[in-house]
Amino acid sequence: MSEHNGYALRLHVLGSGSKGNCALIEGPQGLIMIDNGFSRREVLRRMHELGLDEHDVRALLLTHEHTDHVSGISVWCRAFDVELYASIGTPETRAYLNELDFCEFVPGLRFEVAGVDVQTFATSHDVVNPVGFRFDCGGDSIGYATDTGCLSDFALDALSDARVIALESNHDVPMLRTGSYPRYLQDRIISDAGHLSNDQAAEAAERIVGSHTEQLVAMHISQENNRPSLAVRSFAAALGAELDDELGSTATLARGGSGSDLHIRAAGQNRPITIA
Ligand SMILES: [Zn+2]
Ligand SMILES: [Zn+2]
């Protein structure tokens, strides 16, 4: 698993959303898993669908302790030997996490995993020390931020100009406000400790998408209060990209002679994708 198409890193999203989250960074020495919120069987099925081998997973990093991100971890760790990383305090939030042997880090710390440089940064969510990540290897880079009500300047700087950016675009505010969720839940989602709306994600994208950014992926899209096409359209409008089709499922910002094009798409809850 060395370089692909001249790039050192790949992002595989097995699933993203409130019913389960799991993604993998493919680097020169194997796979780094981000969250494990599906059954082992489901993770394996999705990995195999993308041609990935579970024995290549070297490490597992947690963003935070919500069930949709950690429910599969105990069973996974019984079957496979992986290094575990979580922010300080996260393992103590649940008995079944606390039984595992985590390397705990302070948000903002930088460390190396499987030949990949990992920059952590604090996100803003109603849990203990939630985090996002930037991965750097051989001049290639991937930024990853989900489950955050807002992004600090530190987080925006960490994500800035990564080649691949996976960014939460959780809800459309009008859909959320007129939808079936009770008011208290709507307020929680909209709060600074909730989730990024399409508009907030688009505003962040304007700041962090740079000339080296080739892939922008909308993450953690609500099945109740959003549509993948709304998230893609929102990103496209903010960045001046054109929709690739009437459905608006993908969009492209053509940069002509000045560099590689930027591709915009959405990760789904049930369809695993590879971002090369
Ligand atoms: Zn989540
Ligand atoms: Zn969460």
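The values are calculated or read from the model by the stated rules, or taken from the named source; none is laboratory data. Here the structure is a predicted model, which means the values were calculated and not measured. Positions of Cβ are backbone-derived with ideal geometry, glycine not excepted, and every protein chain shown enters the neighbour counts. For the accessible areas, the whole protein counts, side chains as well, though only heavy atoms, and no ligand, DNA or RNA atoms are used. Shrake-Rupley method; radii C 1.70, N 1.55, O 1.52, S 1.80 Å.
Surrounded by fewer than 15 Cβ atoms within 10 Å (Cβ to Cβ), among the small types (Gly, Ala, Ser), touching a strand residue (DSSP E or B) at 6+ places or on another chain (Cβ under 7 Å) and modelled with pLDDT of 95 or more, is that true of GLY240? In short, yes.
Given the criteria modelled with pLDDT of 95 or more, touching a Cys at 6+ places or on another chain (Cβ under 8 Å) and surrounded by fewer than 16 Cβ atoms within 10 Å (Cβ to Cβ), does ASP261 qualify?
Details: modelled with pLDDT of 95 or more: yes; touching a Cys at 6+ places or on another chain (Cβ under 8 Å): no; surrounded by fewer than 16 Cβ atoms within 10 Å (Cβ to Cβ): yes.
No, not satisfied.
Is it true that GLY138 is over 18 Å from the mean Cα position of the chain (by Cα), more than 30 Å from ARG233 (Cα to Cα) and more than 16 Å from ligand 1 (Cβ to nearest atom)? It is true that GLY138 is over 18 Å from the mean Cα position of the chain (by Cα), more than 30 Å from ARG233 (Cα to Cα) and more than 16 Å from ligand 1 (Cβ to nearest atom). If you go through the stretch 68-76 one residue at a time, do you hit one that is open to solvent by less than 10 Å² (accessible area, probe 1.4 Å), in contact with a strand residue (DSSP E or B) (Cβ under 6 Å, 6 or more places away or on another chain), away from ligand 1 (no atom under 15 Å from the Cβ) and within 21 Å of ASP147 (Cβ to Cβ)? Scanning the stretch 68-76 turns up no residue that is open to solvent by less than 10 Å² (accessible area, probe 1.4 Å), in contact with a strand residue (DSSP E or B) (Cβ under 6 Å, 6 or more places away or on another chain), away from ligand 1 (no atom under 15 Å from the Cβ) and within 21 Å of ASP147 (Cβ to Cβ). Among the residues that make up the stretch 219-229, is at least one of them open to solvent by less than 40 Å² (accessible area, probe 1.4 Å), closer than 17 Å to MET175 by Cα and more than 16 Å from ligand 2 (Cβ to nearest atom)? Looking for residues that are open to solvent by less than 40 Å² (accessible area, probe 1.4 Å), closer than 17 Å to MET175 by Cα and more than 16 Å from ligand 2 (Cβ to nearest atom), one finds at least one in the stretch 219-229, hence yes. The residues in the stretch 198-243 that are assigned to a strand (DSSP E or B), in contact with a Leu (Cβ under 8 Å, 6 or more places away or on another chain) and free of Cβ contacts under 8 Å to residues at least 60 places away in the same chain can be counted, and the count is 3. LEU196 meets each of the listed conditions (1) open to solvent by 20 Å² or more (accessible area, probe 1.4 Å); (2) within 16 Å of ligand 2 (Cβ to nearest atom) apart from (1).
Among all positions in the stretch 147-170, there is no residue which is within 16 Å of ligand 1 (Cβ to nearest atom) and touching a Cys at 6+ places or on another chain (Cβ under 6 Å). Restricting attention to the stretch 133-162, the residues being farther than 19 Å from LEU62 by Cβ and either in a strand (DSSP E or B) or open to solvent by less than 10 Å² (accessible area, probe 1.4 Å) (or both) number 5.
Considering the conditions (1) away from ligand 2 (no atom under 16 Å from the Cβ); (2) charged (D, E, K, R); (3) farther than 25 Å from PRO228 by Cα, ARG94 is excluded by exactly one of them, (1). Go through the stretch 14-45 and give me each residue that's more than 16 Å from ligand 2 (Cβ to nearest atom) and either buried (at least 24 other Cβ atoms within 10 Å of the Cβ) or in a strand (DSSP E or B) (or both). Within the stretch 14-45, LEU14, LEU24, ILE25, GLU26, GLY27, GLY30, LEU31, ILE32, MET33, VAL43 meet the criteria.
The rows are residues; the columns are (1) in contact with a helix residue (DSSP H, G or I) (Cβ under 6 Å, 6 or more places away or on another chain); (2) closer than 19 Å to LEU11 by Cα.
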{"position": "VAL75", "(1), (2)": "yes, no"}
{"position": "ASP81", "(1), (2)": "no, no"}
{"position": "LEU97", "(1), (2)": "yes, no"}
{"position": "PHE102", "(1), (2)": "yes, no"}
{"position": "PHE121", "(1), (2)": "yes, yes"}
{"position": "VAL131", "(1), (2)": "no, yes"}
{"position": "ILE142", "(1), (2)": "no, yes"}
{"position": "GLY149", "(1), (2)": "no, no"}
{"position": "ALA162", "(1), (2)": "no, yes"}
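Scanning the stretch 8-25 for residues that are more than 14 Å from the chain's Cα centre (by Cα) and away from ligand 1 (no atom under 16 Å from the Cβ) yields ALA8, LEU9. Sub-8 Å Cβ pairs linking a first residue in the stretch 71-90 that is within 15 Å of PRO107 (Cα to Cα) to a second residue that is of a type in the set (S, T, N, Q), at least 6 apart or interchain, are SER87/THR120; SER87/ASN129; ILE88/ASN129; GLY89/ASN129; THR90/ASN129, ordered by first then second residue. For beta carbons closer than 7 Å, sequence separation of 6+ or different chains, a first residue in the stretch 105-120 that is more than 15 Å from GLY138 (Cβ to Cβ) and a second that is open to solvent by 20 Å² or more (accessible area, probe 1.4 Å) and part of a loop (DSSP other than H, G, I, E, B), the qualifying pairs are PHE105/ILE88; VAL106/ILE88; PRO107/ASN129; THR120/PRO107; THR120/GLY108; THR120/LEU109.
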